[in-house]
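The values are calculated or read from the model by the stated rules, or taken from the named source; none is laboratory data. All figures in this text were calculated on a predicted structure; none of them were measured in a lab. Counting neighbours? That spans all protein chains shown, and the Cβs are built from the backbone with ideal geometry, glycine included.
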């Protein structure tokens, strides 16, 4: 079986890891086992020390992009570089290109991408967010649909991480289901699996967390759309019933360097300060711990008793899947793009508890789980089995490898 060469142009990859980049970093060794060789071409920045290296079975090359630079210009330059290398190596029948990053286009970029595809090089795109059409009249809506369809026209396959995302693209841009592949966010069960209850005290000590009392966890960046403000408001209600409880938020609590828009940077900076201020006004400010980014998030899942997630808009966040896979009972507020019952997250009240985007509702869900070890165990065990059966890394890698071989005209695995 000949190898398929997957080129991934990405504005950011290492050490910055936006959602799509992080997912493919995890996929690397699994796809290599299936004969998919990945090369990432990414823009070189002033803080990058290595120009070429390998990580998780992926070759990463940092490239100087033309001036003046910009998000779309850089990504297009990296994509063209991948196309030229494929032609030079004469591997057009065994290679494809899949840019990663926020989807944007201009008429000129669409023509460039169509030129690459007309040269016999398949193009794919992996989406991590559900499109949200802006309110408008019927004529403008149809115009936006046509514009989206044109922007997506160069791509042989559109990879979606959830079924609701696939339906949204079919409805909004009129994309044929033959071009859409729903690939779950594969979860590594070797890393994210239930821990032993007896090991929790020592694990909490290792993490510098309180050994006694309930521990509630959320894994998300401290940014406005993640709903951290709602969780902090809900926490005062939880403390009223469990004054010894601890709430741990794992994720970036600073303005990420990947935020290039000055307005976005200012909004996030203001929000972070508001969250810190809200925590300081709690009856027990020390009961909330912001860890920042960590490289051992699996330990936090195993140390916690309950997981809570209150985001307003997502694609299919891996944090929820990881928590469920780890046997951690979850309270989830359905966001824009939330899977339908029986899809990626399973069934409410069986695999997770559902809450609204309201502090009282979130607190009620958390308190319900904290009040019953039997209920925590029931939901946590059901969730872990569900992820094992439907969202495993091996399953996702098999599906991806099949798609890449299919677009290259090669054999299916």
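Quick one: would you say residue 86 is surrounded by 17 or more Cβ atoms within 10 Å (Cβ to Cβ), part of a helix (DSSP H, G or I) and in contact (Cβ under 8 Å) with a residue 12 or more places away in the chain? Yes: the conditions hold for residue 86.
Residue 157 - would you say it is more than 30 Å from residue 276 (Cα to Cα), crowded, with 17+ Cβ neighbours inside 10 Å, touching a helix residue (DSSP H, G or I) at 6+ places or on another chain (Cβ under 8 Å) and not assigned by TED's automatic domain parsing to the domain that holds residue 294? Considered against the rule, which asks whether it is more than 30 Å from residue 276 (Cα to Cα), crowded, with 17+ Cβ neighbours inside 10 Å, touching a helix residue (DSSP H, G or I) at 6+ places or on another chain (Cβ under 8 Å) and not assigned by TED's automatic domain parsing to the domain that holds residue 294, residue 157 comes out as yes.
Checked against the criterion of being in the same structural domain as residue 353 (by TED's automatic domain parsing) and crowded, with 16+ Cβ neighbours inside 10 Å, the candidates 244, 229, 264 yield just one match: 229.
For every residue, the table says whether it meets (1) surrounded by fewer than 19 Cβ atoms within 10 Å (Cβ to Cβ); (2) outside any loop (DSSP other than H, G, I, E, B); (3) under 21 Å from the mean Cα position of the chain (by Cα); (4) not assigned by TED's automatic domain parsing to the domain that holds residue 319.
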{"site": "141", "(1), (2), (3), (4)": "yes, yes, no, yes"}
{"site": "147", "(1), (2), (3), (4)": "yes, yes, no, yes"}
{"site": "167", "(1), (2), (3), (4)": "yes, yes, yes, yes"}
{"site": "171", "(1), (2), (3), (4)": "yes, yes, no, yes"}
{"site": "181", "(1), (2), (3), (4)": "no, yes, yes, yes"}
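For every residue, the table says whether it meets (1) at pLDDT 95 or above; (2) within 17 Å of residue 370 (Cα to Cα); (3) surrounded by 18 or more Cβ atoms within 10 Å (Cβ to Cβ); (4) not assigned by TED's automatic domain parsing to the domain that holds residue 203.
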residue	(1), (2), (3), (4)
279	yes, no, yes, no
282	yes, no, no, no
285	yes, no, no, no
293	no, no, no, no
303	yes, yes, yes, no
306	yes, yes, yes, no
310	yes, no, yes, no
315	no, no, yes, no
330	yes, yes, yes, no
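Annotation: residue 378 fulfils all but one of (1) in a loop (DSSP other than H, G, I, E, B); (2) more than 14 Å from residue 184 (Cα to Cα); the unmet one is (1).
Screening residue 54 with (1) without any contact (Cβ under 8 Å) to a residue 12 or more places away in the chain; (2) over 23 Å from the mean Cα position of the chain (by Cα); (3) not in a loop (DSSP other than H, G, I, E, B) gives one miss only, at (2). Residues that are on the phi < 0 side of the Ramachandran plot and free of Cβ contacts under 8 Å to residues at least 24 places away in the same chain within the stretch 197-239 comprise 197, 198, 201, 202, 205, 211, listed in sequence order. Looking at this structure, is residue 289 crowded, with 20+ Cβ neighbours inside 10 Å, touching a residue at least 24 places away in the same chain (Cβ under 8 Å) and under 15 Å from residue 228 (Cβ atoms)? Taking the combined requirement at face value, the residue does not satisfy it. Annotation: of all residues in the stretch 168-195 being in contact with a strand residue (DSSP E or B) (Cβ under 9 Å, 6 or more places away or on another chain) and more than 29 Å from residue 95 (Cβ to Cβ), the one that is modelled with the lowest pLDDT is 168.
Could you pull out the residue among 229, 253, 261, 244 that is closer than 20 Å to residue 300 by Cβ and either in contact with a helix residue (DSSP H, G or I) (Cβ under 8 Å, 6 or more places away or on another chain) or at pLDDT below 95 (or both)?
253
Could you tell me how many of the residues in the stretch 287-320 are within 22 Å of residue 204 (Cα to Cα), part of a helix (DSSP H, G or I) and touching a helix residue (DSSP H, G or I) at 6+ places or on another chain (Cβ under 9 Å)?
9
Of all residues in the stretch 18-44, exactly one satisfies the criterion of being part of a loop (DSSP other than H, G, I, E, B), out of contact with any helix residue (DSSP H, G or I) (no Cβ under 6 Å at 6 or more places or on another chain) and farther than 23 Å from residue 65 by Cβ, namely 35.
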